[in-house]
Amino acid sequence: MSDVVAAIPRDRRSIDRCIYCGATDGQLTDEHIIPEALGGTARLVRASCKDCQTKTARAESVLGPLMEPLRRLAGIEGKKKRKSTVRLKGIDPAGRHYSQDVSPDEIGLLAVFPQLGEPPRLLTKRNRTETFDIDFIPLFNPSKLGRKHSVGSFMNIGPLPFARMIAKICHAQAHASLGNTFESFLTPLIRESDDYWPDFVGSSIEPLPIGEGSPFVSVSIYRMSGRHQGLLLGRVCLFQDLGGPTYDVALGRELGSQIQSLQGQSVED
Ligand SMILES: [Zn+2]
């Protein structure tokens, strides 16, 4: 399959309206394209209203604990300066709860990411009634020290907040790259008015050159060709060096393209 052509270059710009709901009044805050917790530094200036910020922060906060060992190992500071150790909590063989501070070097299983099953359904045209399995992608510590401890508490991450965060990264990057020349399909998902993510977020469709981003997360926006002409694809790679996952996002359409607008589409189960 070769429905993807050139990557669109990145460009930081001042937005002066909320990229999620379009609000231009009220207080607008700067919006990180990749969350700070994932090492992102590029931001869109005056690009999120208070209400939307609350919603995007909610999806990101779910990911905090998941990212903790990875962040520490990679030396990502995040918003607050933290200790260099990670607090492991668990239940020992005798059934007692314990909590222990360990160095991230010593943790074997660093994180478990959801594998979102299949490419975005907007691309494959699969029906919402067709079910799929969600597997998990474990990221192991390459260090020998990593055999000392294991983390079992990261399996609880739900695919919905995760898909929301991936969608948010692509949506924000598309605004940086394309400005007002596209229509995003992702705002209902990001703004919590739609919970059905498999239409938009999924696993990768084919290998592509890696985009830019933080050293740990990369995001690229692609213009599709062939039968998906006019459609925009976002790709997010997480912790590539450690064998982390790659996600594809059917994020929107270029204005003036033949792809049908999704605005006002009814949501059916
Ligand atoms: Zn807003």
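The values are calculated or read from the model by the stated rules, or taken from the named source; none is laboratory data. None of these values were measured; they are calculated from a predicted model. With ideal geometry, Cβ positions are generated from the backbone for all residues, glycine too; neighbour counts draw on all protein chains shown. Only protein heavy atoms, including side chains, enter the accessible area calculation; ligands, DNA and RNA are left aside. Shrake-Rupley method; radii C 1.70, N 1.55, O 1.52, S 1.80 Å.
Could you give every pair whose Cβ atoms fall below 7 Å, whose first residue belongs to the stretch 42-71 and is under 15 Å from LYS168 (Cβ atoms), and whose second residue is of a type in the set (Lys, Arg) and within 15 Å of the ligand (Cβ to nearest atom), counting only separations of at least 6 or pairs across chains?
Listed pairs, sorted by first residue: CYS52/ARG191; LYS55/ARG191; THR56/LYS168; ALA59/ARG164; ALA59/LYS168.
Where in the stretch 96-154 are the strands (runs of 3 or more DSSP E), entirely inside, with at least 1 residues that are of a type in the set (Ser, Thr, Tyr)?
97-102
Filter the stretch 16-58 for residues that are within 9 Å of the ligand (Cβ to nearest atom), over 20 Å from the mean Cα position of the chain (by Cα) and of a type in the set (Lys, Arg) and give the result.
Selection gives ARG17, LYS50.
Give the number of residues within the stretch 224-245 that are assigned to a loop (DSSP other than H, G, I, E, B), touching a Phe, Trp or Tyr at 6+ places or on another chain (Cβ under 9 Å) and open to solvent by less than 30 Å² (accessible area, probe 1.4 Å).
3
Please state which one of LEU38, LEU66, LEU28, LEU44 is at pLDDT below 80 and buried (at least 19 other Cβ atoms within 10 Å of the Cβ).
Unique residue meeting the criteria: LEU66.
For (1) at pLDDT 80 or above; (2) within 16 Å of the ligand (Cβ to nearest atom), each residue gets a yes or a no:
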site: GLU60; (1), (2): yes, yes
site: VAL86; (1), (2): no, no
site: GLY108; (1), (2): yes, no
site: PHE113; (1), (2): yes, no
site: LYS125; (1), (2): yes, no
